[in-house]
Amino acid sequence: MHVVLLRHGKAVSRDEVPDLADEARPLSAKGRRRTAKACQGLAAMEVAPQRILTSPLLRARQTAEIAAEVLACERVEVTDLLRGGTHPGLLFEALAGRTEPEILCIGHAPHLDLVLAQSIHSGQTSLEKLKKAGAARIAFDRVAAGSGRLEWQLQPRALRALGGATEESL
């Protein structure tokens, strides 16, 4: 199984919507554009999930909608396991019961950074924190903590470039 971790795109700032609950903050217009280009980069990397799992927070669900459209994935599932604040092992347990060859998981920092770090063997490689709309792909023979192999990790600028974006177009 391949698991692709994608951090949600840039949301409107808390200063812009001070009375809005954090869970309801949407992607900004720029965040939507950049997320779409990053997802086009995922498509260029031949990411083709059979299912997308997403945090219930609005900015993550909107990122999932964009990814589903760009990557032609009709199966989107909301799960609290990607909300953050849960132990990464619970996500591994849930993924271990899945049969899809590739799953895209959309969530938040620092939770996705913990999932990524706990997915692979310690010392396998150095990891960067996932920036907004950044992604990493992990290969598992069996899904469990420490049993994954990092295939790649790309920051959003690289994904957008793969998706054909220029900074002027964003």
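The values are calculated or read from the model by the stated rules, or taken from the named source; none is laboratory data. The structure displayed is predicted, hence computed values, not measured ones. Positions of Cβ are generated from backbone atoms using ideal geometry, with glycine treated the same way; all protein chains shown enter the neighbour counts. The protein model used for the area step is the full one, side chains on, heavy atoms only, and it has no ligands, DNA or RNA in it. Shrake-Rupley method; radii C 1.70, N 1.55, O 1.52, S 1.80 Å.
Computed values, structure above
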| item | result |
| --- | --- |
| Accessible area expressed per residue, the chain, with surrounding protein chains retained (probe 1.4 Å, Å²) | 48 |
| Percent breakdown of C-alpha pair distances by 5 Å bin, ordered from the shortest bin, for region 85-162 | 3, 15, 27, 27, 19, 8, 2 |
| Length released on extending from Leu150 to Ala72, taking residue separation times 0.36 nm less the Cα-Cα span | 25.7 nm |
| Selection from Leu71, Ala96, Leu127, by position along the positive dipole direction of region 54-170 (Cβ) | Leu127 |
| Cα pair count fraction exceeding 20 Å, expressed as % - region 32-166 | 41 |
| Added length on full extension, which subtracts the Cα-Cα distance from 0.36 nm per residue, Glu100 to His121 | 5.3 nm |
| Approximate spin-label separation Ala139-Ala24, in nm, with each point projected 7 Å along Cα-to-Cβ | 4.5 |
| Computed over the chain: relative contact order in percent, which uses C-alpha pairs under 8 Å that are six or more apart | 33 |
| The chain - charge dipole about Cα centre, Lys and Arg +1 at Cβ, Asp and Glu -1, debye rounded to 20 | 340 |
| Dipole moment magnitude, nearest 20 debye, region 67-162 about Cα centre, only Lys, Arg, Asp, Glu C-beta charged | 360 |
| Cα gyration tensor shape of region 1-106, rounded if a/c is under 1.5, else prolate or oblate by comparing a/b with b/c | oblate |
| For Glu23, solvent-accessible area (1.4 Å; no DNA, RNA or ligand), Å² | 100 |
| Carbon/sulfur fraction of accessible area - the chain, other protein chains in place, 1.4 Å, % | 50 |
